[in-house]
1. Which value in nm describes the separation of the simple spin-label points at Asp352 and His288, placed 7 Å from the Cα toward the beta carbon?
2. List every residue whose amide H lies under 5 Å from the amide H of Tyr544, counting only residues 5 or more places away in sequence or on a different chain, with H placed 1.01 Å from N in the peptide plane.
3. Working out 0.36 nm times the residue gap between Ser552 and Thr370, then minus their Cα-Cα distance, what length gain in nm do you get to one decimal?
4. Across the stretch 357-370, in residue order, what do the Karplus-derived ³J(HN,Hα) couplings come to in whole Hz, using 6.51 cos²θ - 1.76 cosθ + 1.60 with θ = phi - 60° and x for Gly and Pro?
5. For the stretch 385-494, run through the GluC sites (Glu not before Pro) and keep only the ones in DSSP coil with at most 13 other Cβ atoms within 10 Å of their Cβ.
6. Full-extension gain between Lys457 and Glu223, please, as 0.36 nm times their residue separation minus the C-alpha to C-alpha distance.
7. Order of 304-310, 454-460, 148-154 by packing, highest average Cβ count within 10 Å first?
8. With a 1.4 Å probe and all protein chains kept in place, how much accessible area does Leu368 have, in Å² rounded to the nearest 10?
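The values are calculated or read from the model by the stated rules, or taken from the named source; none is laboratory data. This one's a predicted model, so the numbers in the text were calculated from it and none came from an experiment. Quick reminder, even Gly has a Cβ in these numbers, built from the backbone with ideal geometry, and neighbours come from all protein chains shown. These area figures cover heavy atoms from the full protein model, side chains too; ligands, DNA and RNA do not enter into them. Shrake-Rupley method; radii C 1.70, N 1.55, O 1.52, S 1.80 Å.
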Amino acid sequence: MELSLSTSSASPAVLRRQPSPLLHKQQVLGVSFASALKPGGALRFRPRRRLLHLPITCSVSPSTAEPSSEVKKKTLVRRNDVRNIAIVAHVDHGKTTLVDSMLRQAKVFRDNQVMQERIMDSNDLERERGITILSKNTSITYKNTKVNIIDTPGHSDFGGEVERVLNMVDGVLLVVDSVEGPMPQTRFVLKKALEFGHAVVVVVNKIDRPSARPEFVVNSTFELFIELNATDEQCDFQAIYASGIKGKAGLARMTLQMTWDPCSRLSLDVCLAQILKKMATNIEYDEHKGRIAIGRLHAGALRKGMDVRVCTSEDSCRFARVSELFVYEKFYRVPADTVEAGDICAVCGIDDIQIGETIADKVHGKPLPTIKVEEPTVKMSFSVNTSPFSGREGKYVTSRNLRDRLNRELERNLAMKVEDGETADTFIISGRGTLHITILIENMRREGYEFMVGPPKVINKRVNDKLLEPYEVATVEVPENHMGPVVELLGKRRGQMFDMQGVGSEGTVFLRYKIPTRGLLGLRNAILTASRGTAILNTVFESYGPWAGDISTRDLGSL
């Protein structure tokens with residue numbers, strides 16, 4: 001629907017809905033797929049019903065709506081020249097490889113240019129571990145359309161990276177492995193995307209695997225949509241079959257082609273004539289330009305040299321000036337004089353801006369809703385090294401160095417918290433999981449910091465005089481002949497099995513457990529030992545529950 005404004009001398013301005021020729025009956029993220037589908041090639045999960053399309057609104061909460069005098073200025077325009085998408089999935093389901101193929105087919109690289117695999121994993125630690133840790137964005141030009149692509153991490157420990165970038169995009173590609181199907185982190189990222197109201201395109205990746213079972217995967221994903229209370233429009237998703245490593249995709253399993261047309265069909269509606277609103281969702285630092293705020297321009301237009309208001313809340317605002325403005329083209333930042341609503345840009349000149357703050361119009365600006373992330377569940381203590389070997393490993397050894405570095409980490413890592421410990425040279429670091437804090441420890445060690453760390457501990461809560469502890473859903477993929485020792489090990493850690501299923505011809509079994517976070521500490525190495533290195537363990541936070549009792553984590557002593 002589109003907004004139409006009618007006025008008369010006898011009555012105030014009235015907004016009424018009119019049918020818009022831009023919307024079609026069969027749409028996926030605003031684009032009709034009817035013409036591309038062959039008989040029998042499309043998946044239909046429920047009969048079509050006539051749905052009432054509500055008026056399109058800008059991505060601004062009701063609390064930040066403009067005064068009535070500003071309603072006359074609103075103009076809804078469909079921008080077909082810019083599309084913003086996030087690629088979300090469970091770990092190792094092929095997100096970054098999928099981005100590689102999209103970049104190659106968009107001719108970002110020369111034909112004779114040698115490029116490394118997983119080009120978006122630019123961090124040294126990401127390349128060594130083979131995982132994505134930080135959310136990163138790039139852009140490609142595909143059929144005269146600029147597509148901003150955001151690659152996100154797959155581990156639940158880095159879920160904060162996913163949560164803070166979802167308000168930058170208009171839709172998401174949910175990548176699901178053709179054998180494993182929806183996994184714990186798939187549920188987490190899909191839940192967040194549906195809460196933002198994003199439309200979802202499901203990409204069944206690795207379709208060329210011998211034991212692929214796409215029908216089961218699509219049906220399981222549809223059931224997951226139902227469990228997460230998705231709307232009728234969201235449940236009627238389009239399924240795309242793809243092989244990221246081969247660069248093929250198609251609307252049917254047997255008709256894959258060397259094209260990413262299905263993955264590139266997104267539409268964008270923005271308010272161009274509305275008051276300026278942009279939220280900083282990422283922060284970078286440059287020695288010459290200072291702090292750089294990266295985010296999506298939600299409404300209005302931003303110009304170089306413009307005076308703006310920086311808002312944290314309604315009562316906390318300050319003024320600043322935009323010194324430089326950049327947009328993204330391929331892997332580079334390109335200077336721009338003006339950026340219109342819908343695009344992702346980088347802003348320089350605001351030295352004290354933080355993630356979650358809104359850059360708004362100087363006169364009528366109002367803050368956007370703040371970014372909300374899940375609470376941490378694990379904590380560790382960092383302290384100054386007081387051992388006999390202190391001062392031999394790093395060059396930053398004092399508590400002041402430690403405090404400054406941890407405060408800098410808080411500026412961009414929203415899911416982490418830092419508190420003072422029992423002594424002046426001790427700090428308590430809280431995060432989503434042990435891997436979340438481990439990555440911080442490794443980065444600090446490489447930067448030359450020397451410190452001591454304590455053992456990980458879970459963060460408990462007390463509600464109505466009852467002690468509660470965090471529980472997680474653990475998914476274990478293990479060969480059938482090693483299943484016995486793994487089940488016994490999880491039982492000792494107070495785990496409760498609620499699902500078990502075999503997978504095709506590969507002879508592996510999927511076990512799903514609800515287990516206290518305490519029981520997961522040190523469990524990964526024990527499971528690898530019990531299964532002779534063949535088991536794969538994935539976990540995601542579920543909820544807080546009653547204290548499960550004592551857990552024996554070690555039978556034998558060790559140094």
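1. 2.7 nm
2. Here the answer is Tyr471, since their amide H atoms fall under 5 Å of that of Tyr544.
3. Numbers: separation 182, 0.36 × 182 = 65.52 nm, distance 4.16 nm.
Full-extension gain reported as 61.4 nm.
4. Karplus-based 3J(HN,Hα) across the stretch 357-370 equals 7, 10, 8, 10, 4, 5, 9, 10, x, 10, x, 7, x, 6 Hz.
5. Working: sites: Glu393, Glu409, Glu411, Glu419, Glu422, Glu442, Glu447, Glu450, Glu472, Glu477, Glu480, Glu488; in loops: Glu393, Glu422, Glu447, Glu450.
Sparse-neighbourhood loop GluC sites (Glu not before Pro): Glu393, Glu422, Glu447.
6. Working: separation 234, 0.36 × 234 = 84.24 nm, distance 3.50 nm.
Gain on stretching Lys457 to Glu223: 80.7 nm.
7. Values: 304-310: 17.6, 454-460: 14.7, 148-154: 25.4.
In descending order of packing, they fall as 148-154, 304-310, 454-460.
8. 10 Å²
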